[in-house]
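What follows is one structure encoded as structure tokens, with my remarks underneath.
The values are calculated or read from the model by the stated rules, or taken from the named source; none is laboratory data. Predicted model only: the values in this text are computed from it and were never measured. Cβ sites come from the backbone with ideal geometry, for glycine too, and all protein chains shown count toward neighbours. What goes into the accessible areas is simple: the full protein's heavy atoms, side chains included, and nothing from ligands, DNA or RNA. Shrake-Rupley method; radii C 1.70, N 1.55, O 1.52, S 1.80 Å.
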Amino acid sequence: MLGAAVAAGLALGALTAPAAGAVDNRALRGAETAGPKVDTGSPVRVNQVGYLTHGPKKGTVVTSATKPLKWTLRAADGTKRASGTTTPAGVDPSSRQNVQTFDFSEVTGKGEGYTVTVDGKKSEPFTIGDNLYSSLRTDSLAYFYHNRSGTKIDGDLVGAKYARPAGHDKAAPHRGDTDVPFQQGGSDYRRNVSGGWYDAGDQGKYVVNGGISVAQLMSAFERTRTAKGADAKPLGDGRLTVPEHGNGTPDILDEARWEMDFLLRMQVPKGKPLAGMAFHKTHDKQWTGIPTRPDQDKQQRVLRPPSTAATLNLAAAAAQSARLFKPYDPDFSARCLHSARTAWDAAKAHPNMFASDQDSTGGGAYGDSNVKDEFYWAAAELFITTGDNAYRKAFLESRLHGDVDALFPRGGAMSWSSTAGLGALDLATVPNQLTDKQRDAVRTMVTKAADRYASDSAKSAYGVPYAPMGGKYEWGSNSQVLNNMIVLATAHDLTGKTRYRDAVLRGMDYLLGANPLNQSYVTGYGERNSHHQHHRFWAHQLDAKLPNPAPGSLAGGPNSGLQDPVAHKKLKGCAPAMCYIDDIMAFSTNEITINWNAPLAWISSYVDDLGNSKTGMAMS
Ligand code: 9MR
């Protein structure tokens, strides 16, 4: 059933994208233009989680007024703590709303239950404090344990309602990932591709997406080695939701290892055609229905042909894990490095094996026919880990090197199909053998990109550091916002400039409620949070016995494309940043995936460090 829906949904995309861009002021009917009727609650928009004590504190009000209005900040008991006047900001093109902004950054009194009132309308409540993001750091990382394949999810760790039997192991009724056939072009053999994380609402496992996700988890940890004010302890052994407590390895690396072991299994073994390449993906032969608990999936699993993109993802992620695991497990580290080098050589020998965009029966396509970015990223990681000149030459001579827009797309962001920036960020921050001049050049690319995202944030009435091409929000736009925030946060780590830090925090405000829909896109965080995301086990909306998504799960967010039947029907005519609905079947706006939660985890770690570290907040 879903298969048809997916196919139909994807075909709808081209037909339905609403016209974005120019906004006619005369068309304003009150504060908002005509569009689908949605309940957006209070017009006063704030970060529904809260504001860091020493960070910026801004919000937005949707109003037909064009003259400044009075705003009042009240504590939980109703006492007035501050007031001021709003600043008219005209029509916000992403929402077609007439808006004004307010700023109470000077308030540093800690407390819960604050509200802002404008024109008699009260915001959702929020906190001012330092430890706002500690639980988000752990919850956003727990997402990965919850979505492990091939192992039972332990109720003692996650709570009884989220516990489930192992998915895709050998037990009946399903056929497991331990013995998956690969049949193509004369090849006919079987592989054990068990383990790893399920990609998303579906239970496919895709190397292109797994690679960037595990890399961003590892980078959240690697950042603590180099960035001032970054603390490794909250990511350490015994601190996160993983069963490997007490093994002496930081928990975040234990989680990364679960995926790395799977990625290594996806490499074509010696002696087989295309040895060293990585299979693009493994998933069900046909789409399963929703809900389907992973252990109840009866579909045959299939392996899809190797691709250059997947192979380079493996090379990059394995090279990074080789250096990070060295102190904890030298044998594993050596195995990763060998796999990374082998993958690189195989990709060089087969540079044009592209996964098709049409291969979406039973699983997502993740088609990608431009792998210059994957070559750049893999070369950078291999160089950082080994210092070998061949790898250095590969990225220095890449056409992407020096091209800020190619590394960090401004009309979008880094993503599974645009990975070069991951390499550049690591070259800029992780100790390596670049010359000082070369390293400065890379750092300048990062700060130039951050300058652009910071100015996009400053221009946006909602402070969002995202200015997509043609104003159209992409599938998974929230992850694009977060990936731009990672560039900003890295620029802040490198320079200490508050402008970058503030743009990250403004991005957080947007994701947690200060947006055109008054929606917090993270389950369990904020009064109006998303909790019906598309997921085959966390499918409470369809079956009351199943749980909602676990806290810390990020919805994909507004998507101008409306490529699913629910969004298509209910959101027709939506303004780009309002093309979102918290419905389990609106998968093109409301899915959850590892590559969206990974940047959320990276950023949560960064903002939690800011809150905890006087150094982080004090830098200017
Ligand atoms: O994140 C992917 C997005 O960039 C694509 O536009 C979209 C359609 O091809 O697919 C998204 O990825 C989905 C994948 O194909 C299957 N698992 C769920 C992913 C998130 O929706």
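Before rounding to the nearest 500, sum -39500 (n - 2.57) across all DSSP H runs of length at least 4 in the chain and divide by the residue total; then give [θ] at 222 nm in deg cm²/dmol.
Details: 18 runs with 233 residues, N = 620.
Value at 222 nm, helices only: -12000 deg cm²/dmol.
Can you pull out the trypsin sites (Lys or Arg not before Pro) in the stretch 562-594 that DSSP calls coil and that have at most 15 other Cβ atoms within 10 Å?
Numbers: sites: 569, 570, 572; in loops: 572.
Loop-located and lightly packed - 572.
Taking the Cα centre of the chain as origin and charging only Cβ (+1 Lys, Arg; -1 Asp, Glu), how large is the dipole, in debye to the nearest 20?
I would put it at about 740 debye.
If you plug each phi of the stretch 348-363 into the Karplus form 6.51 cos²θ - 1.76 cosθ + 1.60 with θ = phi - 60°, what whole-Hz ³J(HN,Hα) values come out, in order, with x for Gly and Pro?
Whole-Hz 3J(HN,Hα) from phi for the stretch 348-363: 5, 6, 9, x, 10, 9, 9, 6, 7, 5, 8, 7, 10, 8, x, x.
Expressed as a whole percentage, what fraction of the accessible surface of the stretch 511-620 belongs to carbon and sulfur atoms when a 1.4 Å probe is rolled over the protein heavy atoms?
Here carbon and sulfur together make up 54 percent of the probe-accessible area.
Could you give the length gained by full extension between residue 232 and residue 527, i.e. 0.36 nm per residue of separation minus their alpha carbon distance, to one decimal place?
Using 0.36 nm per residue and subtracting the Cα-Cα distance, I get 103.2 nm.
Where Rh denotes the Kirkwood radius from the mean inverse Cα pair distance, what is Rg over Rh for the chain?
My calculation of the ratio gives 0.96.
Give me D for the stretch 249-369 in µm² s⁻¹, whole number, from Stokes-Einstein with Rh from the Kirkwood sum over alpha-carbon pairs, 4 °C and 1.567 mPa s.
It diffuses with D of about 84 µm²/s by this estimate.
Given R₀ = 56 Å, what would the calculated FRET efficiency be for residue 157 paired with residue 570, taking r from the Cβ atoms and rounding to 0.05?
0.95
Can you give the Rg and Dmax of the stretch 533-620 based on its C-alpha atoms, in angstrom?
16.6, 51
What does the accessible area per residue of the stretch 68-115 come to in Å², with a 1.4 Å probe and no ligands, DNA or RNA counted?
The answer is 46 Å² per residue.
For the stretch 464-618, what log10 I(q)/I(0) values come out of the Debye formula at q = 0.15, 0.19 1/Å, with one point per alpha carbon and no solvent?
The calculated log intensity ratios at q = 0.15, 0.19 Å⁻¹ are -0.76, -1.12.
Can you pull out the trypsin sites (Lys or Arg not before Pro) in the stretch 372-468 that DSSP calls coil and that have at most 10 other Cβ atoms within 10 Å?
Answer in residue order: 399.
By its C-alpha gyration tensor, with a ≥ b ≥ c as the square roots of the eigenvalues, how is the stretch 329-439 shaped: rounded for a/c under 1.5, else prolate for a/b larger than b/c, else oblate?
oblate
Determine Rg/Rh for the stretch 334-388; Rg is computed over alpha-carbon atoms and Rh is the Kirkwood hydrodynamic estimate from the same atoms.
Across the stretch 334-388, the Cα-based Rg/Rh ratio is 1.07.
Quick one: Debye curve from the alpha-carbon atoms of the stretch 142-286 only, equal weights, vacuum; give me log10 I(q)/I(0) at q = 0.18 Å⁻¹ to two decimals.
After summing over all Cα pairs, the log10 values are -1.09.
When all protein chains stay in place, what accessible area (Å², nearest 10, 1.4 Å probe) is found for residue 472?
Spelled out: residue 472, probe radius 1.4 Å, area about 90 Å².
Would you pull out the residues with amide H under 5 Å of residue 368's amide H, same chain only if 5 or more places away, H placed 1.01 Å from N?
Residues meeting the criterion, in which the H sits 1.01 Å from N, are 355.
If you average the C-alpha positions of the stretch 36-53 and of the stretch 71-105 separately, how far apart do those two centres end up, in angstrom?
Between the Cα centre of the stretch 36-53 and that of the stretch 71-105, the gap is 11 Å.
Could you run the Karplus curve 6.51 cos²θ - 1.76 cosθ + 1.60 with θ = phi - 60° over the stretch 552-564 and give me ³J(HN,Hα) per residue in whole Hz, x for Gly and Pro?
Couplings: x, 9, 8, 6, x, x, x, 9, 4, x, 6, 8, 9 Hz.
Amide H of residue 528 versus every other amide H placed in the peptide plane: which residues, excluding those fewer than 5 positions away on the same chain, fall under 5 Å?
Under 5 Å from the amide H of residue 528: 520.
Hey, can you grab everything whose amide H is under 5 Å from the amide H of residue 89? Only 5+ residues off in sequence or another chain; H modelled, so Pro and N-termini drop out.
Amide H neighbours of residue 89, under 5 Å, 5+ apart: 99, 100, 101.
Once the dipole of the chain is set up with Lys and Arg at +1 and Asp and Glu at -1 on Cβ about the Cα centre, which of 535, 109, 246 lies farthest towards its positive end?
109
So if the hydrodynamic radius of the stretch 133-222 is defined as the Kirkwood radius over C-alpha pairs, what does Stokes-Einstein give as its diffusion coefficient at 25 °C and 0.890 mPa s, in µm² per second?
D, rounded to a whole number, is 165 µm²/s.
Counting every Cα pair in the stretch 62-201, what percent are over 25 Å apart?
Beyond 25 Å sits 59 percent of the P(r) for the stretch 62-201.
Along the stretch 201-218, what does the Karplus equation 6.51 cos²θ - 1.76 cosθ + 1.60 (θ = phi - 60°) give for ³J(HN,Hα), rounded to whole Hz, x for Gly and Pro?
Per residue, the Karplus-derived 3J(HN,Hα) values read x, 8, 10, x, 9, 10, 5, 4, 8, x, x, 5, 5, 5, 5, 6, 5, 4 Hz.
Would you mind finding the longest exposed-site-free stretch of the chain, with exposed GluC sites (Glu not before Pro) meaning DSSP loop and at most 13 other Cβ atoms within 10 Å?
107-396
Would you mind classifying the stretch 494-574 by shape? Square roots of the alpha carbon gyration tensor eigenvalues, ordered a ≥ b ≥ c; an a/c under 1.5 is rounded, otherwise it is prolate if a/b is larger than b/c and oblate if not. Walk me through the numbers on the way to the answer.
Numbers: a/c = 2.66, a/b = 1.57, b/c = 1.70.
Because a/c hits 1.5 or more and a/b fails to exceed b/c, the stretch 494-574 counts as oblate.
Residue separation times 0.36 nm, minus the C-alpha to C-alpha distance between residue 331 and residue 296: what's the value?
Answer, rounded to one decimal: 9.0 nm.
In whole Å, how far is the Cα centre of the stretch 497-517 from that of the stretch 524-543?
23
Using Cβ-Cβ distances only, list the Cys residues of the chain with no partner cysteine under 4.7 Å, sorted by number.
Within the chain, the cysteines lacking a partner Cβ under 4.7 Å are 336.
How many angstrom lie between the Cα centre of the stretch 127-147 and the Cα centre of the stretch 365-442?
29
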